[in-house]
Amino acid sequence: MSAERHAASNLNRPRSILRAFLENSSSGGVVLMAAAALALLVANSPLGAFYADALHVYVGGLSLLHWINDGLMALFFLLVGLEIKREVVDGQLSTWARRVLPGTAALGGMVGPALIYLSFNMGAGGHPSGWAIPAATDIAFALGVLSLLGPRVPMSLRVFLTALAIIDDLGAVIIIALFYTASIDLTALAGAGLLIAALIALNRFGVMRLAPYLFLGALLWFLVLRSGVHATLAGVVLALTIPLKASPARPDDDRSPLHKLEHALQPWVTFLIVPVFGFANAGVSFAGVSPAALADPVTLGVALGLFLGKQFGVFFASAAVIRAGWAELPMHATWRQFYGVALLCGIGFTMSLFIGLLAFPNNPALQDEVKIGVLLGSALSALAGAALLLAAPGHRGLRKET
């Protein structure tokens, strides 16, 4: 049995966590779309000044925007880390055969956009530090668009898109850690290192209660924030130490600490944290923005990186490994449908906006250019991908999947 067919057969495992994740992410994508649209509406209304001022109100030493981007988003990254660990250890990415297609697609989908962005920003007046902005796919947004298309899209393509986006998120986490860390406080970093060692020890000694992990994780977030490394990475590190196996003392409990925490976090992250982040960061005022601004290197690099770089990078990298016989086209999918999903990979909303803030932390003008580029590239990718998938005839062997 091929790796893809084996992966598809595993979709029927206990109310599949993956299936529940797909459904939650799809619904969350619709909520995120509404939050982004509302942010644009408010930013370009008489409430625009209040919206901008409210985000910079200081509470407890940090602005409200800072609390959202460094505090709430740490929980988003915690969920990302849990999903990565679960899929790599015991899910759709648990074997090399299953990793080949989404892994290659994710790599192509990161390299292509970065090259297009740099082609517009390497010369005079360019801003090459934003090269990673168009490299990320927004899983919630992309699955939200797929959910609007109903059963026309095979479940295997939804699984492929999810696996690709998870690997994509892992790449984004590594990029943030390596390229978007400014000054380092070695004392705070050393303290964070000791806490990581303590978290690993809890895992090795078989501690199954979540409370100790979460307590140390909160301290880790504070020290990472003080260290200069972006605080959200503390969420990923914490996730990787959460046990994935259920307690031997409770064999009747088939849910591990990781599964319990993931289920507890998922609705909050999907329906509150990510939409709040989208509302706080998608609002850009178009007052005074001329059509010429669309030709600015950052705007153009981000928009075309997402729209062109993503689709070509994902599709041609995937086609190469499929033609080489190292992977197979997802079950029941046609090449046209596969290309439609490659187009949807250009929806880069949440992570792209997040990396944009890190790339240009003290330059609101460039941040606005990033937002315009992300909105434009993501909208083009969503519309083109949805149109192609609606027009694409289904595979003759496709049955209604339950």
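The values are calculated or read from the model by the stated rules, or taken from the named source; none is laboratory data. Because the structure is predicted, anything quoted here is derived from the model rather than measured. Counting neighbours? That spans all protein chains shown, and the Cβs are built from the backbone with ideal geometry, glycine included. Each accessible area value is taken on the protein alone, full model and side chains, heavy atoms only, with ligands, DNA and RNA left out. Shrake-Rupley method; radii C 1.70, N 1.55, O 1.52, S 1.80 Å.
Assorted remarks:
- Mean Kyte hydropathy of -1.0 or more with a Cα span along the axis of at least 24 Å, helices from DSSP in the chain: 17-43, 73-90, 96-121, 155-179, 186-204, 210-227, 364-391
- Spin-label model, residue 294 to residue 198: label points 7 Å out along the Cα-to-beta-carbon direction sit 5.4 nm apart.
- Restricting region 120-217 to chymotrypsin sites (Phe, Trp or Tyr not before Pro) in coil, as DSSP defines it, with at most 15 other Cβ within 10 Å: 205
- Taking each DSSP H run with n ≥ 4 as -39500 (n - 2.57) and averaging over every residue of the chain yields -21000 deg cm²/dmol at 222 nm.
- Cβ-Cβ FRET estimate between residue 119 and residue 222, R0 fixed at 45 Å, reported to 0.05: 0.65
- Heavy-atom surface of the chain, accessible at 1.4 Å and reported per residue (Å²): 43
- Residues of region 111-155 with amide N under 16 Å of a point placed 7 Å along Cα→Cβ from residue 363: 117-134
- Area of residue 310 that stays accessible when all protein chains are in place (1.4 Å probe, Å², to 10): 0
- Segment residue 287-residue 207, extension gain: residue separation times 0.36 nm, minus the distance between their alpha carbons: 23.3 nm
- Most mobile listed residue (390, 62, 358) in the chain, GNM with C-alpha springs under 10 Å: 62
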